[in-house]
Structure formats: structure tokens, C-alpha cells
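I have placed the structure first, in the form of C-alpha cells, so that the comments after it can refer back to it.
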Protein chains: 2
Amino acid sequence: MLYLVGLGLGDAKDITVKGLEVVRRCSRVYLEAYTSVLTVGKEALEEFYGRELILADRDLVELEAEEILKEADTSDVAFLVVGDPFGATTHSDLVLRAVHAGISYRVVHNASIMNAVGCCGLQLYSFGETVSIVFWDDDWKPESFYDKIKKNRSMGLHSLCLLDIKVKEQSIENLMRGRKVYEPPRFMSVSQAAGQLLEFTLPTRVVSTGLTEDTLCVGVARVGAEDQVIRTATLRQLGSCDLGPPLHSLVVTGRLHPLEVDMLRLSAAPDALAHLEVEDSSTS
Amino acid sequence: MLYLVGLGLGDAKDITVKGLEVVRRCSRVYLEAYTSVLTVGKEALEEFYGRELILADRDLVELEAEEILKEADTSDVAFLVVGDPFGATTHSDLVLRAVHAGISYRVVHNASIMNAVGCCGLQLYSFGETVSIVFWDDDWKPESFYDKIKKNRSMGLHSLCLLDIKVKEQSIENLMRGRKVYEPPRFMSVSQAAGQLLEFTLPTRVVSTGLTEDTLCVGVARVGAEDQVIRTATLRQLGSCDLGPPLHSLVVTGRLHPLEVDMLRLSAAPDALAHLEVEDSSTS
């Protein structure tokens with residue numbers, strides 16, 4: 001049996017009781033280590049689980065999946081994923097390989113940012129399509145994320161923006177020379193994401209239902225961890241904030257319900273709500 | 001401290017290790033019992049947690065919240081919610097009352113249907129606004145859920161439909177006579193939801209980007225439990241399916257990626273994919 005086990009978002013204790021039982025009884029336990037991170041490292045997980053973990057990078061999962069699935073028809077193998085196994089990044093490919101090899105699979109679900117972001121006070125019902133914001137570089141500045149945010153906003157919906165993660169990336173030079181030397185991991189911060197979005201508010205841009213510097217956003221960092229941060233602020237304010245270590249995510253708000261406004265006040269920067277036009281709230 | 005603890009979706013062991021520690025040390029533990037259900041009852045939870053649970057119905061949470069918050073400034077109180085505390089149903093109101101009473105709160109996240117539905121093989125990235133389908137009766141047949149599904153589909157997005165739950169409802173007669181006699185709980189099934197949606201496919205309706213009897217849908221039941229069911233089928237086929245006990249949810253698909261089609265095949269009814277037009281998949 002192949003078990004896909006979600007680890008949740010914070011630290012070692014965010015695994016479910018069911019998930020922990022699975023980890024402790026499987027013959028091999030892999031830790032998917034390229035699409036997200038917890039606030040604790042592999043060693044802390046190994047100590048709490050009482051099991052040795054095998055790091056699974058992208059190459060292993062995508063190119064050598066048969067290694068992970070070896071003997072999973074006769075014994076139990078666990079594949080651990082930060083968040084939920086079918087959260088932001090799906091592992092459909094691994095599941096399909098297992099099924100086609102005659103191996104059963106089971107999922108142990110957990111929180112992922114896709115639902116836990118509700119902690120900021122915005123209703124999950126009122127989110128549109130999820131958006132990925134990738135790192136811009138000098139030569140490549142894709143803008144499709146902006147179109148999705150605009151579309152969501154035109155319907156009054158909030159946009160959850162998942163921020164880019166670069167793990168085990170090679171420099172062009174190392175890639176061309178075939179050197180397996182990797183750059184340090186990079187995690188996009190809320191201020192970097194806000195900085196890229198602020199470029200769309202420049203006067204040289206055609207602005208339709210789009211963003212302004214005063215658009216209300218919510219930056220979240222390390223959701224579910226002891227030191228989680230939720231910061232409600234204008235896009236401009238978030239452009240110069242520091243929410244600390246990864247992971248970060250950014251929400252661009254759509255139309256706000258008064259109860260959402262009341263919740264956002266709990267985490268609002270000074271003046272953040274000054275430009276906000278909402279219906280009067282009876283509870284504020 | 002007020003702890004809002006998500007219980008996940010299946011049974012008692014879907015609580016996180018962190019959540020279980022909270023439950024075991026709090027002085028009072030409430031179980032929110034009106035917006036969702038696990039596959040096990042209060043007694044099974046009490047036995048596994050080793051704690052007595054106080055059932056919190058809608059009246060208690062909405063009208064007598066101060067009862068829940070009593071002494072939470074000096075001791076620890078836990079409020080347990082099936083799924084995630086900020087999942088499909090938010091408990092913003094309770095949080096705001098706590099904060100305004102000077103009581104700190106903390107959230108222990110867990111899976112909710114909003115992210116766990118990814119287990120059907122559809123990418124969470126490709127879902128639009130979440131939809132609630134309510135029970136129709138003779139006098140009241142709201143159609144707003146259909147408009148949202150149409151809007152999502154026009155953008156190629158999938159629609160997660162959360163299905164109505166009626167707990168502690170009174171009949172009109174009992175309500176008028178002031179008798180606190182409640183009807184048996186009702187949980188909308190996938191076939192009931194499909195039945196209501198099929199009414200929009202009748203020839204008397206104007207169909208635009210809308211549904212047909214052959215629209216591919218996915219019915220899910222008891223996600224996360226041992227006996228979970230995932231059934232990919234046409235809307236017509238789902239109209240006569242029986243996926244067993246609650247809870248059920250329904251997904252109306254939008255534009256499908258070949259990898260999504262491959263995943264849907266794992267749970268597809270015979271002929272369900274016959275009408276499907278998708279790009280050729282290299283992996284199928």
C-alpha cells in the first residue's frame with residue numbers, strides 16, 4: 001500500500017494521529033521536500049516520528065518514481081507531503097504510477113494553505129481561482145497571475161496567491177556545464193510579491209478593474225505555526241513589510257462582507273482600512 | 001485561551017497530534033454539531049480523546065456564546081469543529097466575541113472538504129467559487145447556485161458544491177406552536193443534488209454555457225473515511241446513484257487537463273467519459 005500523508009502546515013505535531021500511526025508502521029518513509037516547507041526540518045520530524053525519513057526531491061519523484069514504489073505491493077510505503085497530498089501541488093502522477101503497477105493507495109488528509117488561509121478572516125466561499133506568482137527575472141516577467149487576480153476582483157472574489165519556491169535550482173552556467181551545483185533555496189516573500197504587483201499600478205499601465213496601491217491585501221506567513229503572522233495592509237504597505245521566515249502567501253481582497261472587515265481589523269496595519277468602502281457593519 | 005480545533009473529515013484519529021494535546025488539557029471541550037458530521041459519533045470521540053464533550057448546537061454558538069467563553073481568559077477552552085475551523089463554515093463571530101472580551105485564541109488547522117476534495121483527481125488550482133446547493137421544497141427553489149456553476153464553467157473552472165444539511169430543524173407547525181420538537185437531521189445526497197441540477201437541463205430551460213445530462217461530475221461521500229466513495233459519472237448517472245451515508249459533496253467539472261482525466265478514470269462509471277472531448281493524453 002502507498003500512503004500519501006499530509007503533514008499540515010506548522011511543525012511535527014501537525015500530523016494527524018492516523019498519519020502518525022501510518023508513518024510508524026511503514027517500511028519506508030519518504031519526505032517530499034521541494035514544493036513546500038514546515039517551520040521545522042527533517043531532523044525534528046525524524047525525532048518526533050521516531051523514523052528515518054528519505055528526502056524525495058523532484059528528480060526522485062518525477063524521474064525515479066519506481067524507486068519509491070518498490071515493493072509497495074507487498075509492504076507499506078509512506079510518502080509525506082507538507083500540507084495536504086492533494087493541496088496546492090498534486091501528486092497525481094505518483095498515484096497513477098502506483099495504480100498502474102497494481103499498488104493500492106490511501107490518502108491521509110491534512111490542512112493546506114488552500115483552506116487554512118481562512119484564518120485571516122476572509123470567507124473561503126468568496127475566493128476565486130487560486131493564483132501562482134512566480135519570481136520575475138531580467139528576461140522573464142510573466143503576467144498571467146495579474147489577469148487572474150483582475151478576473152477574480154471583477155467578480156468580487158478574493159485571490160489566494162501562492163508564492164514561488166525555488167529549491168535545487170541550478171544557475172544557467174552550472175546547468176550548461178552539467179555541474180550538479182545548486183543555488184540556495186529561495187522563497188518569495190510577501191513584500192517581493194507585493195513589489196511585483198505594484199508594477200501593475202504604475203501610471204504607465206492601463207488600469208481597469210485592476211489594482212491600486214491602496215488595494216487591501218493580507219499577507220500571511222508560517223500559517224499554523226506558533227509564530228504565524230497575519231498582516232492586513234494596503235498593497236503599498238505590504239511592499240515594504242517583513243513577515244519573517246518562509247512560507248509566505250498573499251491574499252488580494254475582493255468585495256468584503258462586514259464580518260470579514262471586522263476580522264481583518266484584528267490584523268490591520270494603521271490606516272490600512274482608511275480607503276475601504278464597505279457597507280456599514282452592525283457589529284463593528 | 002480559546003482553541004478552535006479542526007477535527008478533519010473521517011473519524012476520531014483524524015485529529016492532529018497538536019489538536020489532541022489541546023483537547024486533553026482544556027478545562028471544557030465543546031463539539032460544534034450543526035454544520036458537518038464525522039463518520040463516528042460523539043461517544044466514539046469522547047472515548048478516543050478521553051474527554052467529555054459538550055455538544056454545541058447553533059443556538060448555543062450564536063445566542064449563548066458567552067457560555068462557551070466563560071472563564072476562557074483564565075483557563076483553556078476548546079471548540080471542536082469537523083473539518084477546519086475556518087473551512088466551509090467560519091466561526092468568525094465566536095472569534096470576534098472572544099477578542100472583544102480580551103480572550104486570546106489559537107487555531108489548530110485540519111483538512112476540510114475545501115482542500116480534501118482534491119483526492120478526486122481534479123486540481124484545486126482549477127476550481128472557481130465554491131457553491132452551496134440547498135434543499136428545494138414546494139415553495140422555495142432558489143437558483144443562485146446554478147448561476148455560479150455556469151459562471152465557473154464559462155471560465156473552464158470546476159465547481160465544488162457543498163450540499164445542504166438540516167439539523168435541529170422545526171416543522172412550520174411546531175415552530176408556530178412554539179414546540180421545541182425537531183425533525184430528523186437531513187443531509188443532501190449526491191443523487192438529490194444531481195436531481196436538482198438536472199432540472200436545469202430540461203428543454204424548457206434556456207441553456208447557454210450551462211449543464212447537460214452528459215456533463216461530467218464527481219460525487220464524493222465520506223471523504224477521508226475508510227469507506228469513502230469517489231464516483232465520476234455524468235450528471236444523469238449521478239441522479240440515480242447511491243453513495244451511502246453522509247456527508248456527500250458534488251463537483252461539476254470545467255475544462256479538464258489530461259492528467260485530471262487520467263485520475264478521473266480511476267473512479268469513472270461505465271460510459272461516463274464517452275462524451276468527453278479532451279486533448280489527447282500522452283499518459284493514458
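Values in this text are rule-based calculations from the coordinates and carry no lab data. Fair warning: this is a prediction, and the values are worked out from it, not measured in the lab. When we count neighbours, we look across all protein chains shown, and the Cβ atoms used for this are built from the backbone with ideal geometry, even at glycine.
Whole-Hz ³J(HN,Hα) for each residue in the stretch A:146-157, computed from phi via Karplus 6.51 cos²θ - 1.76 cosθ + 1.60 with θ = phi - 60°, x for glycine and proline: what do you get?
Once rounded to whole Hz, the list reads 5, 4, 5, 4, 4, 5, 4, 5, 5, 9, x, 9.
As an exercise, use a Förster radius of 22 Å and the Cβ-Cβ distance of B:LYS13 and A:ARG25 to find the FRET efficiency, rounded to the nearest 0.05.
The pair B:LYS13/A:ARG25 has a calculated efficiency of 0.95.
In nm, to one decimal, how far is the modelled label at B:HIS100 from the one at B:ARG205, with both set 7 Å along Cα→Cβ?
Distance between label points: 4.1 nm.
If you take every DSSP beta bridge fully contained in the stretch B:2-111, what fraction is antiparallel? Give it as a percent rounded to 5.
Given both bridge residues lie in the stretch B:2-111, the antiparallel proportion sits at roughly 5 percent.
Local charge sum around A:LEU38 (other residues, Cβ-Cβ under 13 Å, Lys/Arg +1, Asp/Glu -1)?
Residues near A:LEU38 contribute -3 overall.
Can you pull the mean other chain C-beta count within 10 Å for peptide A:120-133?
Across the residues of A:120-133, the mean count of other-chain Cβ atoms within 10 Å is 5.
Count the net charge of all other residues whose Cβ sits under 13 Å from the Cβ of A:PHE135, scoring Lys and Arg as +1 and Asp and Glu as -1.
Within the 13 Å Cβ shell, the charges total -3.
Please state the charge dipole magnitude for chain B, taken about the Cα centre, from unit charges on C-beta atoms (+1 on K and R, -1 on D and E), reported in debye and rounded to the nearest 20.
Taking the Cα centre of chain B as origin, the dipole is about 220 debye.
To one decimal in nm, how far is A:ASP76 from the same spot in the other copies, if labels go 7 Å from Cα toward Cβ? Please give the shortest first.
Spacings between copies for this position, smallest first, are 2.9 nm.
Which semi-axis lengths, in whole Å and largest first, follow from the square roots of five times the eigenvalues of the Cα gyration tensor of the stretch A:114-265?
With the √(5λ) rule applied to the stretch A:114-265, the semi-axes are 28, 19, 13 Å.
Rounded, prolate or oblate: which fits the protein assembly as shown, taking a ≥ b ≥ c as square roots of the Cα gyration tensor eigenvalues, rounded meaning a/c under 1.5, else prolate when a/b beats b/c?
rounded
Placing +1 on the Cβ of each Lys and Arg and -1 on the Cβ of each Asp and Glu in chain A, which of A:THR234, A:LEU197, A:MET1 has its Cα farthest towards the positive end of the resulting dipole?
A:MET1
Label B:ILE172 and A:GLU46 with points 7 Å out from Cα along Cα→Cβ: what is the distance between them in nm?
According to this spin-label approximation, the distance is 6.8 nm.
Shape of the stretch B:2-111 from its Cα gyration tensor (a ≥ b ≥ c, root eigenvalues): rounded if a/c is under 1.5, otherwise prolate when a/b > b/c, or oblate?
prolate
What are the lysines whose alpha-carbon lies under 23 Å from the alpha-carbon of B:LYS148, with same-chain residues fewer than 8 places away excluded?
A:LYS148, A:LYS150, A:LYS151, B:LYS166
Placing +1 at every Lys and Arg Cβ and -1 at every Asp and Glu Cβ, with all other atoms neutral, what dipole size does the protein assembly as shown have around its Cα centre, in debye to the nearest 20?
I would put it at about 80 debye.
Rounded to the nearest 500 deg cm²/dmol, what is the calculated helix-only ellipticity per residue at 222 nm for chain A, with -39500 (n - 2.57) per DSSP H run of length n ≥ 4?
Computed ellipticity for chain A at 222 nm equals -7000 deg cm²/dmol.
Over all residues in B:12-23, what is the mean tally of Cβ atoms on other chains that come within 10 Å of each residue's Cβ?
Partner-chain Cβ atoms within 10 Å, mean over residues of B:12-23: 5.
Roughly how far apart, in whole Å, are the Cα centres of the stretch A:101-175 and the stretch B:173-194?
39
Amide H to amide H, which residues 5 or more places from B:TYR30 or on other chains are under 5 Å from it, using H placed in the peptide plane?
The list, which skips near neighbours in sequence, is B:ILE54, B:ALA78, B:PHE79, B:LEU80.
Can you give the local net charge around A:GLU66? Use residues other than it whose beta-carbon is closer than 15 angstrom to its beta-carbon, Lys and Arg +1, Asp and Glu -1.
Overall, the nearby charge balance is -4.
What are the label-to-label distances in nm, one decimal and shortest first, from B:ASN174 to the same spot in the other copies, with labels 7 Å along Cα to Cβ?
6.8
For chain B, set up a Gaussian network in which alpha carbons nearer than 10 Å are linked by springs, and say which option among B:VAL134, B:VAL229, B:VAL17 fluctuates the most.
Highest fluctuation among the options: B:VAL17.
Ranked by Cβ crowding within 10 angstrom, fewest neighbours first, how are B:LYS18, A:LYS148 ordered?
A:LYS148, B:LYS18
Highest first, please rank the peptides B:36-45, B:248-257 by the mean number of other Cβ atoms sitting within 10 Å of their residues.
B:248-257, B:36-45
When Cβ neighbours within 10 Å are restricted to other protein chains, what is their mean count per residue of peptide A:42-54?
0
Take peptides A:169-179, B:65-75 and line them up by average Cβ neighbours within 10 Å, highest first, as a rough protection proxy.
Highest to lowest by the protection proxy: B:65-75, A:169-179.
Within 10 Å, count the other beta carbons around each residue, average over each peptide in A:136-144, B:3-11, and list them highest first.
B:3-11, A:136-144
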